[in-house]
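I have placed the structure first, in the form of structure tokens, so that the comments after it can refer back to it.
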Amino acid sequence: MKRGLVLEGGGLRGLFTAGIIDVLLENNITADGMVGVSAGATFGCNYKSKQPGRTLRYNITFKDDPRYMGLRSFLKTGDWVGSEFCYHTLPRELDVFDNETFEQNPMEFFLVCTNVDTGEAVYRKIDSFDDHNLEWLRASASMPVVSKPVCIDGYRLLDGGMADSIPLAYLQSQGYDRNIVVLTQPHGFRKKRPAIYPLMKIALRKTPKIAEAMANRHIMYNAQLDYLAEQEKKGNTLLIYPEDELPIGRIELNEEKMRNVYNMGRTACEDRLDEIKKFYAQ
């Protein structure tokens, strides 16, 4: 049996996930492999590096730094999230990512990006976060419209959530047969086509495959929710999700809300610790 962990994205909603993985770390609950999408990757990597508290800490510490994310960064660089600051300066100098522990931890770590030229998912196994692989991490979380495509290894890449929002099937294809899936939307949620899609289509006219992926994302996402439900009934998948809609926007850097969402994740995990331990032990 190979135990897997699947982490959905969702921007700052991912602090719910951060709360969950911190509780898992504090209770020595480990997986054999994990896959993260967007914020699920950028926050989830701290599970493999065994750094509880790091995700919440750096988001609060740098939330007001114009180099971190916001309109100033977007106007200056074309990226809402400051690429050099967030993916190189911060993890190397300011809140150091423990790459040594990450490398030594046998847990497999995968992330998901979207190919700008095909609209299809691109998967990457990460064994070490050198500067090259940090760019893959950045690509996985580079939101369309407010991010430039990340050019790496012959690809042009953006946020993985457009092509594979909840990559349970992918992790199963890698041999993981008992998986916990962390969602950032409540039970019963169904995605709708965004009302502003006509405007997004104009904004994405230079990347038509991304526009197409965005137009069809709700169909893909809802089909994945149906698949999750099927797998849960079979007993090979455990779903963890917030009880209600998380009270924070994807790019909302409000400290009180960030702490609240993080603590909601901690509570959701603490309330189900015995169930989680039994699930991974079977």
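Give the Rg (one decimal place) followed by the Dmax (whole number) of segment 210-282, computed from C-alpha coordinates and expressed in Å.
16.0, 43
Working only with C-alpha atoms, what are the Rg and Dmax values of segment 174-227, expressed in angstrom?
Expressed in Å, the Cα Rg and Dmax of segment 174-227 come to 14.5, 42.
Rounded to the nearest whole Å², what accessible area per residue is found for segment 60-199 with the 1.4 Å probe?
46 Å²
So for segment 132-282, Kirkwood radius off the Cα pairs, Stokes-Einstein at 10 °C and 1.306 mPa s: how many µm² s⁻¹?
D, rounded to a whole number, is 90 µm²/s.
Give, to the nearest whole percent, the P(r) tail of the chain beyond 28 angstrom, counting all Cα pairs.
Percent of Cα pairs beyond 28 Å in the chain: 30.
How far apart, in nanometres, would the label points at Val96 and Ser173 be if each is projected 7 angstrom from Cα along the Cα-to-Cβ direction?
With each label placed 7 Å out from Cα toward Cβ, I get 3.8 nm.
Which value, in debye to the nearest 20, gives the size of the charge dipole of segment 32-118 about its Cα centre, when Lys and Arg are +1 and Asp and Glu are -1 at the Cβ?
It comes to approximately 340 debye.
Tally Lys/Arg at +1 and Asp/Glu at -1 over every other residue whose Cβ is under 12 Å from the Cβ of Ser142; what's the total?
Residues near Ser142 contribute 0 overall.
What is the sum of charges around Ala163, taking Lys and Arg as +1, Asp and Glu as -1, for the other residues whose C-beta is under 15 Å from the C-beta of Ala163?
Once all neighbours under 15 Å are counted, the net charge is -1.
Using only alpha-carbon positions, what ratio does the radius of gyration of segment 1-95 give when scaled by 2.2 N^0.38 Å?
In units of the globular-protein estimate, segment 1-95 measures up at 1.15.
Please report the net charge: other residues with Cβ closer than 14 Å to the Cβ of Arg193, K and R +1, D and E -1.
Local charge sum for Arg193: +4.
Want the number for Asp130 to Glu212: 0.36 nm per residue separation, take away the alpha-carbon distance, what's left?
26.3 nm
Largest first and in whole Å, give the semi-axes of segment 34-181's equivalent ellipsoid, each being the square root of 5 times a Cα gyration tensor eigenvalue.
Over the Cα atoms of segment 34-181, the ellipsoid semi-axes are 23, 20, 13 Å.
Tell me, what is a quarter of the convex hull surface for the C-alpha atoms of segment 121-201, in nm² with one decimal?
Value for segment 121-201: 7.4 nm².
Contact order normalised by length for the chain, with contacts defined as Cα pairs under 8 Å and 6 or more residues apart; what percent is it?
27 percent
Have a look at Met69, Met1, Ala41 and report the one farthest towards the positive end of the charge dipole of segment 1-80, computed about the Cα centre with Cβ charges (Lys/Arg +1, Asp/Glu -1).
Working it through, the farthest residue towards the positive pole turns out to be Met69.
For segment 13-73, with all protein chains present and a 1.4 Å probe, just round the carbon and sulfur fraction of the accessible area to a whole percent.
Heavy-atom surface of segment 13-73 belonging to carbon and sulfur, 1.4 Å probe: 47 percent.
Roughly to the nearest percent, how much of the accessible area of segment 167-222 is carbon and sulfur, given a 1.4 Å probe?
59 percent
Multiplying the sequence separation of Glu245 and Asn263 by 0.36 nm and subtracting their Cα-Cα distance, what value in nm do you get?
Value of the extension gain: 5.1 nm.
If the reach is capped at under 21 angstrom between alpha carbons, list the lysines near Lys148, excluding any in the same chain fewer than eight residues apart.
Candidates past the 8-residue exclusion: Lys76, Lys201, Lys206, Lys209.
Provide the percentage of antiparallel DSSP beta bridges, counting only those with both residues in the chain; round to the nearest 5.
40 percent
The values are calculated or read from the model by the stated rules, or taken from the named source; none is laboratory data. The shown structure was predicted, so the numbers you read here are calculated from the model rather than taken from an experiment. Cβ atoms come from the backbone with ideal geometry, glycine included; neighbour counts cover every protein chain shown. Note: areas computed on protein heavy atoms with side chains; ligands, DNA, RNA excluded. Shrake-Rupley method; radii C 1.70, N 1.55, O 1.52, S 1.80 Å.
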